[in-house]
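Comments concern the structure below.
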Amino acid sequence: MNTSITGRHFELTETIKAYANAAIDGLKKYNLDIISANTIISANEKNGKKGFSTEFIINLKDKNTIVITQNDKDVYAAIDLAIERLKKSLRRHADKIKGHRIMSFKDLGTEAEAVSEYTTNEELEIVPMDLELHKPLDFDEAIDALKAETKRQFIVFNDHENMMRVMYKRADGKFGLY
């Protein structure tokens, strides 16, 4: 991780640099690939009042950047408050990554392989179905069947042109049609 600490409009002391560096080193516990961490500490004077502004710019892998700016009267307090906000942002980002579901082979990584053939040593067993339960439905019967059923999420039926269609329940309570 590349780190840089810059002071604007005032001289940075070694203790301030060491304090900011120690705060940045504490971010490693989130196990995120942090590429660089830039810290800009500047002195502000507004209406005769002196204060400090601390800005952390954290560049993560996959082009993610987190920028936190904090103002305070004391430079150490500004660093502490900014680091706490930065930790909260990194925690959210780490949780988002952990909660991400794998949706494609690209998400699985380079070790993923597609199965080209399905082979089994067991014989396939065909289970006969009662055809009366699965008779062809028309559009209105499909809607009524989906409204009545709580377990089934979709139903297949024949439309007016004798094409097979799929009707499904959407999350908003409406019905979709393929």
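The values are calculated or read from the model by the stated rules, or taken from the named source; none is laboratory data. Values in this document were obtained by computation on a predicted structure and should not be read as measured data. Neighbour counts are summed over all protein chains in view; Cβ atoms, including those assigned to glycine, are modelled from backbone coordinates with ideal geometry.
A few comments on the model shown:
- Sole residue being part of a helix (DSSP H, G or I), small (Gly, Ala, Ser) and in contact with a helix residue (DSSP H, G or I) (Cβ under 7 Å, 6 or more places away or on another chain), chosen from Ala37, Ala82, Ala94: Ala94
- Boolean, Lys61 is within 20 Å of Leu12 (Cβ to Cβ), assigned by TED's automatic domain parsing to the domain that holds His9 and surrounded by fewer than 16 Cβ atoms within 10 Å (Cβ to Cβ): no
- Looking across region 1-23, the residues that are hydrophobic (A, V, I, L, M, F, W, C) and without any contact (Cβ under 8 Å) to a residue 24 or more places away in the chain come down to Ala18, Ala22.
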